[in-house]
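To start, the structure under review is shown below, and the notes come after it.
The values are calculated or read from the model by the stated rules, or taken from the named source; none is laboratory data. Predicted model only: the values in this text are computed from it and were never measured. All Cβ positions, glycine included, derive from the backbone under ideal geometry; neighbour counts span all protein chains shown. Ligands, DNA and RNA are excluded from the accessible area calculation, which covers all protein heavy atoms including side chains. Shrake-Rupley method; radii C 1.70, N 1.55, O 1.52, S 1.80 Å.
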Amino acid sequence: MDLTIVFIIVAVAGIGAQWLAWRWQLPAIVLMLVAGVFVGPMTGLVNPDVQFGDILSPIVALAVALILFEGGLTLDFARLSDAESAVRRLVIFAGPLVWLMCTLTGHYVGGLSWASASVFGGILVVTGPTVVIPLLRQAGLKKRPSEVLKWEAIVNDPVGALAGVLAFEAASIILANHHLSDAIGQLVAGLIIACLAGYIAAQIIISTFNRGLVPEYLKIPVMITLVILAYGLPDQVLHESGLLSVTIMGIIVGNAHLPSLGELRRFKEHVTVILVSGVFILLAARLDFGMLASLSWRTYAFVFAVIFLIRPIAVMLSLIGTNLSMAERFFVGWIGPRGVVAVAVSGLFGVRLQELGVADGAILAPLAFVIVTATVFLHGFSIEPLAAALGLKSSRSRGVLFAGSNPLVLALVEVLHDLERPVIVADRNWFRLSPFRQKNIPVYFGEVLSESAEHSIDHNMFGTLMALTDNDDYNALICADFGPELGRNHVFQFATHKATAEVRKLPDTLGGRYLFNALTYDDALGILAQGGRVRATNLSEEFTLEDYLKKNSGAYPLMAVPEKGPIRVFRNNGELIVNSGEKLIALVPKQEEIVQEAEA
């Protein structure tokens, strides 16, 4: 088959699986595994070893290097220092303990060679954020266990890969039959060169970007080129030391707080999605069902130990003395799904170990697929019932995520904040967030659609999104992005500006629900500018919604807030229902304000 057609099949299968995962709210890795097996062993459309030949290994290696670089970009030390001590313990103590226990178990129980066991043990430290974060949203956990699991996954993503790199370097030198002193010298020299290469490449990016020596349109190409250089040059001295180099490079750049960090984040979010999809499809297409069938009972005993014994024991020991309850420790110890990085790095190092004469390196990739599949399904289906059984599901009513900051948002947030409902305001303008920060209202400074926001905002706390910026199209884009996650009936935006409503009307499939009575940005700010206010009114059997609307005919009802349960935002042309004992929040013009105060 023509190689161009193979590339097309891989791209369609990978991105198609990612899209279906988004639509169906499933872990993407599961659908990518199914797609890779379908185009590979099942149909024979893709046979990477035959169709790509000698270039397969360099392609996978470069893709893994870029994936590890983006993992390093995610590791922000400032955020880690603010995280609970439990996260630091999981990284500092549980990570090495998992590595050691997996290595020993892999050798003595699984029958792996020391080289394969030590490399694979380091890789198994990783718990993938791309798998963990969707599971946390699904479960609706309390904040503390949710934050611990989320940050462990983000931090361990590059740390586990580093452990695998170090184990591979040590194994490759020992297998080369060097004298001990020569082996240690070569390992140290290779690691020093790798660290220096990563540091120098990162400093080049930081210096040139800060001094404006690279134009905007060249920043991403320059960065990708430097990543390739930082991978390739150290690799000539010590095989795969380039992976250590690019990870260090990503960590340094990610913590430099560059003014162009937004562009770098977009690189991470777009390019690496393509790379992850492509690599995973290629590796899944290489799966040999015969090899899977030939795996011995010792291999499956090792898999059982990794899932049911090693991580729970390591986590429980490392969290002794923290403020986490026993139920939280047990829960964190059980939930540890592995992700794409584990499979990608296992596939690469498995091939490298085979080239060094380690025969059982061939089973590392199938082993990784077995563990990833088992953990994703076991943890995915058990996380919610286990959280409920342990009393770790959040009992707090979900609040509202506001995109955009303006006087209406400030007035709404103040009312909801007083009612002790969770709120957060996201905006790309730091100065617009100043009034909220002064009132100790939670804010997110940055692009609400970015992956960084996905990591930083606790989505479990919010059941409703209100996109209330001054840009109708941007509001629609935000609602379209959050719609599948929250539900189309829980994402709202201003109505399109009346003067251009017909000309620029969006398709019904895009955007969110319009606010009641087609409230626009100009209408809302105009009412507030003329002295109107956002008020919360208690409704009862004596003073019903009908009574309220008769006395406040010009008011814009916005939402109903029950004492317990979800907030209900009113949509245009929808039914207004406010039960007795609930609070009606409405935008009330100045004249109505006077009437209300006089009657009060």
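For this structure, a couple of remarks:
- Over the chain, the pair-distance histogram of Cα-Cα distances with 20 Å bins from zero comes to 19, 47, 27, 7, 0 percent, rounded to whole numbers.
- Inter-centroid distance (Cα atoms) of segment 416-443 relative to segment 6-56, Å: 43 Å
- Extension gain, M316 back to E542 (0.36 nm per residue minus Cα-Cα distance, nm): 75.8 nm
- S553-V34 pseudo-label distance in nm [points 7 Å out on the Cα-to-Cβ vector]: 5.7 nm
- Crossing angle, helix 143-175 versus the chain [Cα axis fit, 0-90 degrees, rounded to tens]: 20 degrees
- Crossing angle, helix 407-418 versus the chain [Cα axis fit, 0-90 degrees, rounded to tens]: 80 degrees
- Each peptide in 562-574, 188-200, 109-121, 12-24 was scored by the mean count of other Cβ atoms within 10 Å over its residues; highest first, the order is 109-121, 188-200, 12-24, 562-574.
- The slack in the chain from L576 to S296, taken as 0.36 nm per residue of separation less the alpha-carbon distance, amounts to 94.4 nm.
- Listed residue pairs exceeding 18 Å between alpha carbons, taken from K551/K590; K143/K393; K393/K439: K393/K439
- Per the Debye formula on identical point scatterers at the alpha carbon atoms of segment 1-61, with no solvent, log10 I(q)/I(0) at q = 0.20 Å⁻¹ is -0.79.
- Angle in degrees between helix 95-108 and the longest Cα principal axis of the chain, rounded to the nearest 10: 40 degrees
- Rounded accessible area per residue of the chain, 1.4 Å, Å²: 43 Å²
- By definition, a body whose alpha carbon gyration tensor gives a ≥ b ≥ c is oblate when a/c is 1.5 or more and a/b is not larger than b/c, and segment 251-365 fits this oblate description.
- Structure-based [θ]222 nm, the chain - -39500 (n - 2.57) summed over DSSP H runs of at least 4, per residue, nearest 500: -19500 deg cm²/dmol
- Ordering of 461-471, 39-49 by burial proxy (mean other Cβ atoms within 10 Å per residue, highest first): 461-471, 39-49
- Taking every C-alpha pair closer than 8 Å and separated by at least 6 residues, the mean separation divided by the residue count of the chain gives a relative contact order of 15 percent.
- Net charge contributed by nearby residues that have their C-beta within less than 15 Å of I313 (K/R +1, D/E -1): +3
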